[in-house]
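Here is the structure we will look at, set down as structure tokens.
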Amino acid sequence: MDVNVYKRDGSPFYWMKWYFSGKLHRQSTKTKNLKKANLIAKDKEQELLRHAGISGVAKIPFKEMMEQVLLDYKANGRKSFHIAELKVKILYAYFREDTKIVDITERNIQEYVSYRLTKCKNQKKEPIRPATVNRELQLLKRGFSILHQRKMIGAVPTIQLLREDNIRKGFFEHWEFLKLMEKASEHIKPLVTFMYFTGWRFSEVVNITWDMVDIDNGVITIPPGMTKNKKGRHYYMPDNILEMIRDIWSKRVERIRINESAPDYVFTNKNYTDRIKDIRSAWENSCKRAGLNGKLKHDFRRTAARNYVRAGVPQRVAQELLGHQTASIFSRYNIVSDQDLRDAVKKQMEYMNNQTKNRPIEIPPEGFREWEPMIKKMNENYEKEHQEGIKYLREKYENVVEVDKEGKVKVLQGEGFPNETDKNLHEK
């Protein structure tokens with residue numbers, strides 16, 4: 001933030017002018033002495049810098065701040081370093097390399113976000129997505145954070161990231177994978193097969209070297225630092241993968257025998273000169289021939305996660321096999337397909353149909369049965385007849401029978417009742 005001194009027409013004093021937050025400001029020095037005016041301007045400059053939360057020695061140009069970000073990425077071995085370089089160039093194009101960081105305000109950043117979302121297109125001539133803008137904003141945040149940690153600035157502007165709704169949900173059904181293998185370019189078939197069954201990242205697979213492969217024990221071990229989560233990983237190869245790896249190894253041995261090139265990488269380019277670095281063209285052409293336009297290599301990762309779950313593999317184990325650091329990330333990859341939804345509805349209908357076929361006889365709730373009044377009347381009549389029968393026996397056979405409180409009749413003497421009617425009444 002520079003404060004310049006100038007002579008203003010119609011005024012006996014020197015004046016100062018500066019830009020802050022995109023606006024021009026002017027103020028009189030109230031002195032006719034140029035030397036004193038320059039000192040006053042210097043003090044004003046320091047005041048403005050302090051007001052912005054930046055020390056006087058930190059009038060850092062934007063380019064210098066972003067160079068610190070790239071150095072930080074490189075020092076920490078970030079695999080996204082080259083992508084960060086490209087995004088920094090995009091930031092330079094808007095903010096300009098020589099812009100002082102004090103002039104990059106929250107309002108400027110919001111204007112940048114609006115510009116990227118409304119005015120810019122990607123390589124496919126589509127609008128820039130919020131996720132893309134967020135990656136650029138994260139570089140800005142990192143730059144200000146580095147300067148703040150080094151006590152070069154006293155405050156960091158608030159940079160709010162956009163909401164991202166473009167989480168990919170693609171996956172491969174097994175028949176789609178088989179169709180792809182029929183049409184895929186020959187030199188990428190082993191790589192594609194390995195990625196489909198393991199779900200490992202492309203950057204991990206193409207960097208597998210033969211010293212990581214133990215063919216005798218059927219296991220591949222990638223060391224810590226080579227994976228995204230910085231943890232090592234083991235893969236115990238099933239028969240089909242082990243057979244494929246043995247075939248690749250045999251071809252390599254033969255090339256060495258006849259003094260031809262044989263890189264240390266397992267998955268090599270079609271000329272056998274180096275590892276596979278980029279298969280975008282071969283991938284897109286293979287998918288097009290197979291009628292699978294729009295499929296991504298990363299869809300294999302989601303597919304493997306779903307297949308592990310369907311096969312009954314515990315989530316913790318599947319998470320370890322795929323190299324997911326948290327359960328929340330794994331759950332994003334465990335995709336539910338349309339077929340899963342159809343199967344769920346089908347199972348529901350089978351269950352409901354089975355319930356209908358074996359439906360028990362349901363008794364309507366009390367008070368709603370049509371026959372309830374009739375049953376109640378029958379019970380009342382039975383109780384009335386029972387009491388009348390007991391009364392009759394007591395009166396007629398006072399010395400012959402005994403009737404207890406529960407209405408049970410006991411013959412006290414003789415062989416019983418003198419007539420058959422009274423005997424039947426007693427039995428009832």
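Throughout, read-outs are computed from the coordinates displayed, never taken from laboratory work. Nothing here was measured: the structure is a model prediction, and the numbers come from that model. Here Cβ is always computed from backbone atoms with ideal geometry, including for glycine, and neighbour counts include all displayed protein chains.
With 19 Å as the limit, the listed pairs K74/K124; K277/K297; K179/K288; K59/K151 have K74/K124 beyond it between alpha carbons.
Fewest to most neighbouring Cβ within 10 Å: what's the order for V309, V317, V133?
Final ranking by Cβ density, sparse to dense: V317, V309, V133.
Backbone phi angles across segment 252-264, fed through the Karplus curve with coefficients 6.51, -1.76 and 1.60 (θ = phi - 60°), yield HN-Hα couplings of 5, 4, 5, 5, 5, 4, 9, 6, 9, 5, 8, x, 6 Hz in residue order; Gly and Pro are listed as x. Sketch the reach of a paramagnetic label on D43 as a point 7 Å from Cα along Cα-to-Cβ, and name the residues of segment 11-34 whose backbone nitrogen lies under 12 Å away. What the label zone holds, given the 12 Å backbone N cut-off, is 29-31. Database remark: amide H of S28 closer than 5 angstrom to the amide H of M16 (H placed geometrically; neighbours at sequence offset of 5 or more, or on other chains; Pro and chain starts carry no H).
For the residue pairs K7/K100; K119/K270; K32/K141, the C-alpha atoms sit more than 32 angstrom apart in K119/K270; K32/K141.
Computed from the C-beta positions of H25 and K124, the FRET efficiency with R₀ = 41 Å rounds to 0.40.
Taking only the alpha-carbon positions of segment 62-149 and ignoring solvent, what does the Debye formula give for the base-10 log of I(q)/I(0) at q = 0.10, 0.15, 0.16, 0.21 Å⁻¹? Rounded to two decimals, the profile gives -0.25, -0.56, -0.63, -1.07.
Converting phi to 3J(HN,Hα) with the Karplus coefficients 6.51, -1.76 and 1.60 and the offset θ = phi - 60°, segment 272-287 yields 6, 9, 6, 5, 5, 10, 8, 10, 4, 5, 5, 5, 4, 5, 5, 5 Hz in sequence order, with x at every glycine or proline.
Sort the following peptides by mean Cβ neighbour count (other Cβ atoms within 10 Å, averaged over residues), highest first: 216-222, 188-194, 253-259.
Ranking, from highest mean packing down: 188-194, 216-222, 253-259.
Amide hydrogen proximity for I153: with H placed 1.01 Å from N in the peptide plane, the residues at 5 or more positions away or on another chain lying under 5 Å are H148. Note on E254 and R135: their simple-model spin labels are 4.1 nm apart, each label 7 Å out from Cα toward Cβ.
Across q = 0.14, 0.18, 0.20 Å⁻¹, segment 174-338 modelled as identical point scatterers on its alpha-carbon atoms has Debye log10 I(q)/I(0) values of -0.76, -1.25, -1.48, in the order of the q list.
Would you mind ranking Y92, Y392 by Cβ crowding within 10 Å, fewest neighbours first?
Y392, Y92
Cβ crowding within 10 Å ranks C287, C120 as C120, C287, fewest other Cβ atoms first.
Around the amide H of R233, modelled in the peptide plane, lie the amide H atoms of I222, all under 5 Å away and 5 or more residues distant in sequence or on another chain.
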